[in-house]
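The values are calculated or read from the model by the stated rules, or taken from the named source; none is laboratory data. Predicted model, so just to flag it, every value in this text is computed and none were measured. Here Cβ is always computed from backbone atoms with ideal geometry, including for glycine, and neighbour counts include all displayed protein chains.
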């Protein structure tokens, strides 16, 4: 999935997209009074693939209703963050596409990150997610 696809999804879902300074994060999803907002801090996003990852995770919060209040229990926050990240991994790096890439010789984290147009860190986390879910990937 490309950044433009995510931006189209944001538009079609009538989610407001706002660039603003954010203290501790590069992106945030807010639902308030029937208004949906994805906020992102452009000063913390230095590439289009990072922007894609942030938009995807925030859309994961939206589509999975993975929201929480700032004073929520940390265990609940972690659960909601996991749900959003899972949605993001499934969209940006579908498991069958990952298996196919690996079987076609794209088998280092750096080359997989390039292939899927994501950061090394995101690719690393996606591989951990899929390995925990399915076992060895090949």
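For region 110-123, state whether one or more residues are over 18 Å from the mean Cα position of the chain (by Cα), at pLDDT below 95 and more than 25 Å from residue 8 (Cβ to Cβ). Checking region 110-123: not a single residue is over 18 Å from the mean Cα position of the chain (by Cα), at pLDDT below 95 and more than 25 Å from residue 8 (Cβ to Cβ). Count of region 21-38 residues, restricted to those that are surrounded by 11 or more Cβ atoms within 10 Å (Cβ to Cβ) and more than 14 Å from the chain's Cα centre (by Cα), is 5.
Scanning region 61-84 for residues that are in a helix (DSSP H, G or I) and farther than 18 Å from residue 34 by Cα yields 74, 75, 76, 77, 78, 79, 80, 81, 82, 83, 84.
What about residue 93, is it in contact with a strand residue (DSSP E or B) (Cβ under 6 Å, 6 or more places away or on another chain) and buried (at least 16 other Cβ atoms within 10 Å of the Cβ)? Lay out the reasoning, then the answer.
On the way: in contact with a strand residue (DSSP E or B) (Cβ under 6 Å, 6 or more places away or on another chain): no; buried (at least 16 other Cβ atoms within 10 Å of the Cβ): yes.
The answer is no for residue 93.
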